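Comments concern the structure below.
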Amino acid sequence: MRVIHLSVECFPVAKVGGLADVVGALPKYQRKFGIDAAVVMPWYKKPFMEEHEFELIFEGSFFQGSEKLGYSVFKEKNTVLEFPLYFIHIPGKLDREEVYGYPDEAEQWFAFQHAFLDWQRQQEEEPLPDVVHCHDHHVGLIPFLLKEGDDFKKLADVKTVFTVHNGQYQGWVNWNKAILLPAFDTWRWGMLDWDGVINPLAAAIKATDCFTTVSEGYLQELYAEANGLQDLFYQERAKGYGIVNGIDVAFWNPETDKHIPFSYNVKDVNEQKLRNKRTFCAQFGLPADRPLLSFIGRFALEKGADFLAATIESLLEQHSGGLTVFILGSGDTLIQSQLAALAERYKGRIAVFFGYNEALAHEVYAASDMLLMPSRVEPCGLNQLYAMKYGTIPIVRAVGGLKDTVMDVRNYGYGFLFENLDVASITEAIERAITYFKDRNDWQAIRRKAMALDYSWDKSAQKYLNLYNQLLKSYDA
């Protein structure tokens, strides 16, 4: 079975969020099950391109409106990610330094999708994919174009799976851009439309053979609220599946992690984690004899980051000698300035690092006692999974994938959940965690329970294999 994952992010090539982690790991684990899985993504001016070797395997061209675009397809030569990795390069469109943030993003993603389909219909070196697995709205037009595109009849039998990593972002495009799309049966324009604009996410849900979300809880939430698409998700629910993300335990594993000073496992976690904590706290001027609460992520409303400053200030005032805080992240400038002011006011009790540093994130997980995730929306969440693997106890809001993967200690679990998004509710959950932390035996018990959980990609990869087989068997029948 040949499966191509189509995405604009893939770790470690280009990462903005959890999408990259999924696409960078899932194909590797799928190959363990005998799936011929590969990834196709845009070319970027990133360090990865400078550090690795590539071979040109195909060249072609097409018209985007009146503009003729030439494209090249490169393959990474040494399979360093343990799966075939292809890049589509289009001068002026797919050759940029950043993944997002350009005013012509719609044209970029149109060109990426068109080039992929044009390459597949013309190339003869490799068999056609049995399944094209599309990730998020940037490639949301692929299921529609495979079925309705005038030039892609050869690909009409290819099955599609579409994964919704975040339904809040939908890729809205004005209809005046339709001239830039490949030719299609215009009688079918309604498949692209939602509320008077081209909506790639809506088009994908309508046209794909099945869609998945990155947790069962998030699938249920999309039926009730999906930034205007909830009715569509509910109408198409018969082809929806919730499959929780996994983590790449070859990369996120305290026993083998090269980014942390002292490796450890569930047997020696208490001693070795404390050594990591002492090293980390010394680096950032924090005492190591208090519980260390951390936050890692974007300073965005969907992450509940607007509650960080008020919550931390309340906690530090109540626990003058009993809590330290570390923040790693970037985003909203107002939130960042609030946190910077807190760090200045409470020196020696809170430290911040603005930006993102992959190696530092590993150190934070290894050193911290607790991780806070006060999310408004969290389709799956990976940070809580990383945290538990490192014996760091998650304190999370009961939404989406967080409530699917974290069980509260009140139910004999290994984390702390809260329902409402307000300072009082977040503070109460953290207070409960601090109370547990003070009892050495209780804390060791939930820490070991969290570390023993299996959230590797193996289970999820098997579920995707079952889904692919189901699609292909239904077609054969």
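Against the numbered list (1) touching a residue at least 40 places away in the same chain (Cβ under 8 Å); (2) outside any loop (DSSP other than H, G, I, E, B), ARG121 comes up short only at (1).
Entry remark, the stretch 409-423: residues being in a helix (DSSP H, G or I) and closer than 25 Å to GLN444 by Cβ number 3 in total. Of all residues in the stretch 338-360, those satisfying the criterion of being more than 17 Å from GLY297 (Cβ to Cβ) and not aliphatic (A, V, I, L, M) are GLU344, ARG345, TYR346, LYS347, GLY348, ARG349. Residues of the stretch 147-163 that are touching a Phe, Trp or Tyr at 6+ places or on another chain (Cβ under 6 Å) and closer than 24 Å to VAL22 by Cβ: PHE162 alone. Looking across the stretch 98-120 at every residue that is over 17 Å from GLU9 (Cβ atoms) and of a type in the set (Phe, Trp, Tyr), the one that is surrounded by the fewest Cβ atoms within 10 Å (Cβ to Cβ) is identified as TRP119.
Looking only at helices (runs of 4 or more DSSP H) that fall completely inside the stretch 171-249, which ones have 1 or more residues that are in contact with a helix residue (DSSP H, G or I) (Cβ under 9 Å, 6 or more places away or on another chain), closer than 30 Å to GLY391 by Cβ and without any contact (Cβ under 8 Å) to a residue 24 or more places away in the chain? Outline the logic, then answer.
Details: elements: 200-207, 216-224, 230-235.
Answer list for the stretch 171-249: 216-224.
Checking GLN64, GLN123 one by one, the residue that is surrounded by 13 or more Cβ atoms within 10 Å (Cβ to Cβ), assigned by TED's automatic domain parsing to the domain that holds ALA204, among the polar types (S, T, N, Q) and within 22 Å of ARG2 (Cα to Cα) is GLN123 and no other.
Residues considered: VAL39, VAL3, VAL16. Of these, the only one that is aliphatic (A, V, I, L, M), part of a strand (DSSP E or B) and touching an Asp or Glu at 6+ places or on another chain (Cβ under 7 Å) is VAL3. Among the candidates ASP95, ASP36, the residue that is free of Cβ contacts under 8 Å to residues at least 60 places away in the same chain, under 28 Å from VAL244 (Cα atoms) and either not aromatic (Phe, Trp, Tyr) or not assigned by TED's automatic domain parsing to the domain that holds PHE116 (or both) is uniquely ASP36. Selection over the stretch 75-92 of residues that are crowded, with 17+ Cβ neighbours inside 10 Å, under 22 Å from the mean Cα position of the chain (by Cα) and either charged (D, E, K, R) or not in a loop (DSSP other than H, G, I, E, B) (or both) gives a count of 4. Here GLU358, GLU313, GLU344, GLU317 are screened, and the one residue that is in contact (Cβ under 8 Å) with a residue 40 or more places away in the chain, surrounded by fewer than 22 Cβ atoms within 10 Å (Cβ to Cβ) and not assigned by TED's automatic domain parsing to the domain that holds VAL164 is GLU358. Among helices (runs of 4 or more DSSP H) entirely within the stretch 309-408, having at least 2 residues that are farther than 28 Å from LEU453 by Cβ and charged (D, E, K, R) singles out 333-345.
The values are calculated or read from the model by the stated rules, or taken from the named source; none is laboratory data. These figures come from a predicted structure and were not determined experimentally. Positions of Cβ are backbone-derived with ideal geometry, glycine not excepted, and every protein chain shown enters the neighbour counts.
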